Each structure stands twice: as structure tokens, then as C-alpha cells.
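Working notes, beginning with the structure itself.
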Amino acid sequence: MSDKNRPARIVLLVTAALCINFIDRGNLSTAAPLIQDDFHLTATQLGLLLSAFYYGYVTCLPLVGWLTDRFGAYRVLTGGVIIWSLSTLLTGFAGGFVSLLVLRIMLGVGESVGFPCASKVLASNVPVGQLGLANGVLGFGYLVGPALGTLIGGYLMAHYGWRPVFILFGALSLIWLWPWMRAKSIVQEKVEVAPADQPSFELILRQRSLVGTTLGHFASNYTFYFILSWLPFYLVKARGFSMETMAVIASSAYLLNALSALFMGWMADRWIRAGHSPELIYKTLMGFTHISGIACMFAMVWLPVAGSIAALFLFQLISGLSYPGVFAIPQIIAGPQAAGRWVGVQNGIANIAGLLAPWITGMLVDQTGRFDVAFALAALVNIIGFIGWVFVLPRIAPLNWAAAKAARGE
């Protein structure tokens, strides 16, 4: 295979892994109405189960970032896929709340490898002028995952129950390992950085840019996981749709989100190659997304059914525009020397939103019997994202790690 095609093949393989990653993590949301009925769970218990994934996920991300920078993406991603696939499969045999909780935590441990490994691959192999499209392809993969999982999973669950679907999806996830193992030689050819040339964790944590990207990513994740975790339940229980209709609406919205990310990744690269500043492009996109997100969150809960669905689709369209930047920005700033650890830290803190959004929403629904306050909170969190991306993040340009280390006497 030529050097020209090698990075594209690697990006497509990692994209497929993230697609599977999001299919498997979203299955519980699709099955939530059925699992609640089977195990007689309260909304608070259901929210805790939806949050449990992130206990394993968030805890492991910084460690996974270090492992990825130290040992490479190939071995780390391989181990993670095995863990998350088996966790998904075994969920089909869960006997109650406790076993579901444990398996969701294990799923989070396995899936924590996804973004640090993907960012390491992209930062090492893709030029800055092509990172937008690469992250757009990556974004399409992980955003189309919920669309496929909700549509196919929702249909199968409506006809066969939720248990067989988890067993099937877990077994199918393991198949990805076959092409990944065949690609071992080309993955190992990525740019490697000697440990002595890598910035320390302490130096990375001192960067103002990390604070900005993490705040922005946290807010983006809160609305993303709020919708991903509770949309199927909301459509069925609050808006009265059937499982089949819910699956069509939710999967269509997720697909629009994925296509929007892919389009904007391509457009961002075109603008950068035309001479426009990555800082201007990405900061404008991120700021616009969060301002629009405020209006969409309120519209989704306060408008009648038709208007609510329209607001859902508008939100998915606009939010998709920002997703290439969520990881392209740290890849540009951190570079191959630190992309794995930077994204491990950023993604770890940002995914605390995954702990909070499903759990808080469940408690608010139990206490109020409505979704109004939960949607209002999701709207307000967007203010944090706007501040992080636009004001706290100083500039979007590669950091000179050698100069930074010399300044600190490292």
C-alpha cells in the first residue's frame, strides 16, 4: 500500500471502531423503556444506569492517554475493543440492576480507549490542513453509531426483546478485530515520539488552552449525552411515540448530526487551505453552536410535538458542525508529542458530563414528573461551552513543547 493511502486506511479503521463504540454505549438508552418495565426501575435508577458507563470511562481516560502515547494506539485499542465487546454481549444475560451497573462500568473501561487512540493516530499521520476532514470522517463514524444502533436496535428490540440485541451486537463488535489485526504493520508505521521528547503531564495540565478546550468539550458533551441517554425514553414516555416510531425519529436525527459533522470537516479543510485561520474557523463554529443550542433546548420541550421534533433536528444539524473541532483543536495544539495524553485529560474531564447529565435528568424527572427543568439546565450549560471555546482558549496553533519545557527547566 502506498504512503498516500496508508493514513486513509488507518483513519477509516479507527472510524469504524468509534462507530461500533457508540452503537454499543447507546444500546441501553434504546432499551431503557423495556428495561425499566422488566426490572421495575425508577427514573432515578435508570439515570444511574445510564451514568454508570462514565464511571469506568472517565476514570480510565487519563491512564489510557498515557498508555497510548507510551505504547502506541494499536495494542491499547485492541484491548479496549475486546473488553467493551464482551461487556455488551454479557449485558444480554444481566439479572437485574446490580449486574447491569457492573457491566455498564466495564463497558466504560473498554470504550475509554477510543478517542485517545484515534487522536494519536490522526495527530501522527494527518497534516493540519486535512485534520478537519479526518475528524469529520471520525465524527461521522461515532455520530452515525447512535443512528444505526437506535434504528436497528429499536426495531429488533420491539420484535425480539432487548436481551438478544445486546448479545448480537456484542458478538458483531468482535469482528472488527479481524481487519484491525491485518492492518498491524501499517498502524505501527505511524510517527513515534521518544519519551524524553514528550512534555510531562504537569506541563500539559498548566496550559490555558487545555482549560478552554475542556470547558467547551464538557458543555458539548452535556447536551450530547443528555439527548443520547434520554431521547428514546422522552419520545416514548413524554411524547407518546411507539418504539418503532421512536427508532425512526431518533435515528434520523442522529444521522443528520453525523452528516453535518462530515460536511463541516470537509468545509473547514477547504477554508484552511484557502488561507483562513484555523482559529477563526473553529472558534466561530464552536461559539455559534453553543448559542444555538440554548434556543434549541428550550424549543424541544416547550413547543408542541411537531415543533419539538423540528427543534431536535435543527439542534442535531447545528451541533454536528462543531464536532470536527472538538478533537481537531487539541490535535493541532498538542501535536503528535502529546495528543494522546491531552485528549485523555480533556476527554476525561469533559465526560464527567456523562456522569451528571443522565443521573441529574432522572432525578429531575422523578421529582417533577416532567422534562422542563432538565431541558432548561441543558440549555444553560451551553453558556459554559461558549466561554470556554471563545474566551478561555487563547489561540489555536501548535504549542512549542521544547520551548515550554526549557522555560520550566525540564
Kindly indicate whether any position in the range 101-114 is touching a residue at least 60 places away in the same chain (Cβ under 8 Å), under 21 Å from residue 184 (Cβ atoms) and in a helix (DSSP H, G or I). yes
Quick check on residue 216: is it modelled with pLDDT of 90 or more, under 25 Å from residue 401 (Cα atoms) and in a helix (DSSP H, G or I)? yes
Identify, by number, the condition in (1) assigned to a loop (DSSP other than H, G, I, E, B); (2) surrounded by 20 or more Cβ atoms within 10 Å (Cβ to Cβ) that residue 269 doesn't meet. (1)
Scanning the range 388-410 residue by residue, the ones that are over 14 Å from residue 280 (Cα atoms) and outside any helix (DSSP H, G or I) total 6
In the range 118-143, residues that are surrounded by 24 or more Cβ atoms within 10 Å (Cβ to Cβ), more than 21 Å from residue 183 (Cα to Cα) and at pLDDT 80 or above total 4
Consider residue 124 carefully, then state whether it is in a helix (DSSP H, G or I) and over 17 Å from residue 16 (Cα atoms). yes
Name every residue in the range 256-313 that is in contact with a helix residue (DSSP H, G or I) (Cβ under 7 Å, 6 or more places away or on another chain), closer than 18 Å to residue 220 by Cα and of a type outside the set (A, V, I, L, M, F, W, C), in order of residue number. 257, 260, 265, 282, 283, 287, 289, 290, 292, 293
Could you check residue 78 against (1) closer than 20 Å to residue 38 by Cα; (2) surrounded by fewer than 24 Cβ atoms within 10 Å (Cβ to Cβ); (3) hydroxyl-bearing (Ser, Thr, Tyr) and say which number it fails? (1)
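Give 356, 280, 303, 317 a once-over and let me know the one that is within 18 Å of the chain's Cα centre (by Cα) and farther than 26 Å from residue 108 by Cβ.
One residue alone meets the criteria, 317.
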Number of the exception - residue 45 against (1) within 21 Å of residue 172 (Cα to Cα); (2) not in a loop (DSSP other than H, G, I, E, B): (1)
Looking at the structure I just gave you, is residue 65 part of a helix (DSSP H, G or I), over 26 Å from residue 140 (Cβ atoms) and among the small types (Gly, Ala, Ser)? no
Restricting the first residue to the range 275-296 and requiring it to be closer than 17 Å to residue 379 by Cβ, which pairs with a second residue that is β-branched (Val, Ile, Thr) and in a helix (DSSP H, G or I) meet a Cβ separation below 6 Å and a spacing of at least six or different chains? 287/390; 289/318; 292/318; 293/223
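The values are calculated or read from the model by the stated rules, or taken from the named source; none is laboratory data. The structure presented is a predicted model; accordingly, all values stated were derived computationally and were not measured. So basically every Cβ, Gly included, is an ideal-geometry build from the backbone, and we count neighbours across all protein chains shown.
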